[in-house]
1. Filter the stretch 1-23 down to the residues that are touching a helix residue (DSSP H, G or I) at 6+ places or on another chain (Cβ under 6 Å), small (Gly, Ala, Ser) and modelled with pLDDT of 95 or more and list them by number.
2. Restricting to the stretch 127-156, and then to whatever is within 16 Å of the ligand (Cβ to nearest atom) and assigned to a loop (DSSP other than H, G, I, E, B), can you tell me which residue is nearest to Leu195 (Cα to Cα)?
3. How many residues, within the stretch 45-99, are within 16 Å of the ligand (Cβ to nearest atom), small (Gly, Ala, Ser) and touching a Gly at 6+ places or on another chain (Cβ under 9 Å)?
4. Got a sec? Which of Ser181, Ser109 is of a type in the set (S, T, N, Q), more than 27 Å from Glu275 (Cα to Cα) and under 19 Å from the mean Cα position of the chain (by Cα)?
Amino acid sequence: MANSNSPPVLLGTELPSVDVWSERVTVALGQNPSAFTGPGTNTYLVGTGPQRLLIDPGQGEEAYLPVLEEAIERTGCQGIQEIVLTHGHPDHIGGCEQVMERFGRLQVSKFPWPDVDASQSIELRQLGDRDRIETEGATLQGIHTPGHAPDHLCFLLEEEGALFSGDNVLGIGTTVIPAQSGDLADYMASLERLLQEAPTRIYPAHGPCIQDGTAKIREYIGHRLARETQILEAMAAGAGTVPDIVQIVYAAYPESLHAAAGQSVTSHLRKLEREQRVRRVTDEEPLIAQWECLPA
Ligand SMILES: [Zn+2]
């Protein structure tokens, strides 16, 4: 069992296992730190009443339950009203069963992703774009924001004008667009949609609270556009495969992040391919194919 007093240290970020971020938002760390999850998944107790919403119960780590119990004690609430998921990746949905073993059967709601939902052992209630979930002191409104995952929902916290951003905007690092199930063009459209909501704070699924949410979303959009330019420049300089491009564009990043970087580069190439700005020279999967720029 992990000691909840020793914060995981990863990529320079330290977060306490339990932290109160506003009168209606308390975070409990999922106890699953890694290169992909940073300090681990932020799981959120939301509301002000005796029963709170739980957003994303983490991955199912044994060390998480005592942390969740500590969070419940810190907020002074008694239990969990229901579970709400930002998306079906294992570090978000994986803890549902464990939490229900401890707290009894709970309603679990998410946006549908048939391929992934069918493999879950828990019953899932469908949540759509703009659907609301209410608890004492808090109202969440789902915003369908595909790109990182096809089923991704962000949640506006209406009482604060704040946003639970899931994996779309992170407090540490940048969002990975998985090469297989992700879609960078969708992701960029989702960021534009979130920008229109002009959120105050952002409560991300990984990393610390973001105080100026709108500025952070602008930064993310700018970052992706700059990355796209860098990839095209690397290709113009002769890089023709994903690993070649990663070596150039991510030269300043540790090797441990290069696998994730390769996925991001692949997502950029697939977007650019659809826009007919690059093409595959060899008839292979994007990750191993030879690529070239097309004349504008
Ligand atoms: Zn995810």
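1. Of the stretch 1-23, the ones touching a helix residue (DSSP H, G or I) at 6+ places or on another chain (Cβ under 6 Å) are 4, 17-18.
Of the ones still in play, those that are also small (Gly, Ala, Ser) are 4, 17.
Within the stretch 1-23, Ser17 is the sole residue that qualifies.
2. Thr145
3. Selection size over the stretch 45-99: 4.
4. Numbers: Ser181 fails: more than 27 Å from Glu275 (Cα to Cα).
None of the other options fit; the residue is Ser109.
The values are calculated or read from the model by the stated rules, or taken from the named source; none is laboratory data. Keep in mind it's a predicted model, so treat the numbers as computed, not measured. Cβ sites come from the backbone with ideal geometry, for glycine too, and all protein chains shown count toward neighbours.
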